[in-house]
1. Where does chain A land at 222 nm, in deg cm²/dmol rounded to the nearest 500, when only DSSP H runs of n ≥ 4 count, each adding -39500 (n - 2.57), divided by all residues?
2. Could you check what % of the DSSP bridge pairs in region A:4-98 are antiparallel, to the nearest 5?
3. Could you go through region A:6-15 in sequence order and give the Karplus-derived ³J(HN,Hα) for each residue, using 6.51 cos²θ - 1.76 cosθ + 1.60 with θ = phi - 60°, rounded to whole Hz, and x for Gly and Pro?
4. How high is the relative contact order of region B:79-156, given as a whole-number percent (alpha carbon pairs under 8 Å, six or more residues apart)?
5. A 26 angstrom limit on the alpha carbon distance is what I want to check against. Which of A:LYS5/A:LYS31; A:LYS161/B:LYS82; A:LYS31/A:LYS345; A:LYS144/A:LYS281; A:LYS288/A:LYS392 exceed it?
6. For region A:130-183, report the % of Cα-Cα distances exceeding 13 Å.
7. Kindly identify region A:1-71 as rounded, prolate or oblate by the Cα gyration tensor criterion: order the square roots of the eigenvalues as a ≥ b ≥ c, call it rounded if a/c is under 1.5, otherwise compare a/b with b/c, prolate if a/b is larger, else oblate.
8. Using a/c under 1.5 as the rounded threshold, could you call region B:7-67 rounded, prolate or oblate? The axes a ≥ b ≥ c are square roots of the C-alpha gyration tensor eigenvalues, and prolate needs a/b larger than b/c, oblate otherwise.
Amino acid sequence: MSKLKIYVPRDAAALAVDAEKVAEAVFAEAKIREIEVELIRNGSRGMLWLEPMVEVEKDGVRHAFGPVTPHDVEALFDADWGKHALALGPTEEIDWMKRQTRLTFARVGVIDPLSLDAYEAHGGLKGLRRALGMTGTEMIDEMKESGLRGRGGAGFPTGIKWDTVRLAPASQKYIVANADEGDSGTFADRMLMEGDPFSLIEGMAIAGICVGATKGYIYLRSEYPEAIHTMNEAIRIARARGVLGASVLGSDFAYDMEVRVGAGAYVCGEETSLLNSLEGKRGVVRAKPPLPAIEGFLGKPTVVNNIISLGTVPVIFEKGAAHYRDFGLGRSRGTIPIQIAGNVKFGGLFETAFGTSLGALVDEIGGGTATGRPVKAVQVGGPLGAYFPRSKFDTPFGYEEFDGQGGLIGHAGVVVFDDTADMLGMARFAMEFCAVESCGKCTPCRIGAVRGVETVDRIARGDASAIPLLTDLCDTMKDGSLCALGGFTPYPVMSALTHFPDDFHANAKEAAE
Amino acid sequence: MPTPPAPVDLEARLGAILADHATFEGPLLPILHAVQAEWGYVPQEALPIIAEGLNISRAEVHGVVSFYHDFREEPAGRHMVKICRAEACQARGGHGVEAAAKARLGVDWHGTTADGGVTLEPVYCLGLCATGPAAMIDGRVVARVDEKRLETLLTEVGA
């Protein structure tokens, strides 16, 4: 009899809710029953409200069960992993999965992240093999045609950035993957690195070959211990199997890479601050120009891309630029892995073509709040993103579309708040966070954030005259800051003030009475 | 409180750490991580040795150590409890968990309990934003932390 294939995720979101104990229980129970089990530790499918979500393969079809506690395992074996209260049916048939277009995340949750054979069996390395047969110009054309833009939030066309580095003459060039995913409400980078690390390695190798860089770094935040472990293992395997090294897949191209661990500074997600940190300096922002593409790591031309941008490169080369470009809306081409988080019933990773409305994401896909109370606000794009009220829920998910509504998609995190949220408190937190994380180089951010906290506190005490002052301060920070930390902190503050004025005036009225 | 490392041990071990990173491009952060992994903090006594090893000033090393939240200039408690303060966890009741942790441990952020058992630190996002409130206990991530689960976790670390 063939072994029973059971999948228990090793994604941090699953481990954080006792997936390890579930795996141990599966192993122990199978031993007692003398059932031969092949236990596969996959990434997460992204339905995080169901974690730990266990899958069992029957007749070649994977059936999902979740959320599973260690105590459920015995009963699940009793039910022969069939009819049970936790049974969700075939994984691919779950509505949440069926509604997605998974290109970047096609393999995440499906395969053992550290099996290079499984990676290849699911289309991996096809893109790299194709790229090895192309000229640099052809590769740039492919990237430009795909329409891929920086998924870290800035939305700069990836192909143009690569071309700048490619054309810069230098003895050494670098590929740097920005895995300093510090935005609250985002976890796509983490899930990709933990669930399909070879896709990032392949994407970085393609970038290296295209621009003439032989060395790459992943700057990975220290808050992601599982991702650090998985990436290091994957790099070791890729090197042993000839994907990385002096001769990439037997070609004339050399490319190798390593992981560098951050040290808890949010601002290091900004690319120039990241480069300083990588060089072993304080993570202080650099003035631009020069662009990192001309003078980046150690002064050499450097591609700095987000994990999702680089992780999407293999599928573009595997399936062709046109395939990718044909998804999307306006100038936002392809798919975007949206992270639905916060107070939401069905939270997780939902990859779909650009264009879905914010309301559909929150109400239909996210199922409204976890608490069952009305949605009050949704913060899109991390701690520097605007708070959207329900009246703006028809905004389609796209770079220009969100910009037009005074917001930004950032790294595509969507954080839902119910009606108990205190928006003055959230505005204060945005300023406090900026003060804690400011690198200190420019005055509007360093001083402005501290004054911002004080000004919000004045408003909280009923001093309505501080409201125009806060608005003025936000203008100064927005126009005068060197990077997005000081420059975008006004987004959450001003959107909270504009869309939820009652939260700012409540105390003023009380004081007047 | 842990005593500072003996000078001989420090020099020998630090010499080995510096040698391990001799070929690194931009070696300071990896070195500081290694130092902290060894002693639990970055001892003041290590700064001049690192500075000399990398041919930079002691002020530059200090500047880097003090810039990053992760690097400690003095020892922490035996256990490290980090609780996420970021927006997604706040939306899921994080404030209650923060308050409960502070009350239970009798310390504010960055504080260590009187018996040196637990240090409480804030963290801004562990990437567990759909299953918050989240926390990290001695490097292990935990999610869906309510006040009851927090109590269990703190009891486990002897608090």
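None of the figures in this text is laboratory data; all of them are computed from the coordinates on show. Just so we're clear, the structure is a prediction, and the values are computed from it rather than from any experiment. Neighbour counts run over all protein chains shown; Cβ positions are idealised from the backbone, glycine included.
1. On the way: 21 runs with 207 residues, N = 513.
After summing the helix terms and dividing by the residues of chain A, the value is -12000 deg cm²/dmol.
2. On the way: 10 of 14 bridges.
Close to 70 percent.
3. 10, 9, 10, x, 10, 4, 4, 5, 7, 4
4. Details: 125 pairs, mean separation 30.3, N = 78.
Relative contact order of region B:79-156: 39 percent.
5. Numbers: A:LYS5/A:LYS31 14 Å; A:LYS161/B:LYS82 38 Å; A:LYS31/A:LYS345 36 Å; A:LYS144/A:LYS281 34 Å; A:LYS288/A:LYS392 34 Å.
Long pairs (Cα-Cα over 26 Å): A:LYS161/B:LYS82; A:LYS31/A:LYS345; A:LYS144/A:LYS281; A:LYS288/A:LYS392.
6. Numbers: 958 of 1431 pairs.
Tail of the P(r) past 13 Å holds 67 percent of the pairs.
7. Numbers: a/c = 2.17, a/b = 1.38, b/c = 1.57.
Note, shape of region A:1-71 comes out oblate.
8. Numbers: a/c = 1.29, a/b = 1.08, b/c = 1.19.
Here region B:7-67 falls in the rounded category.
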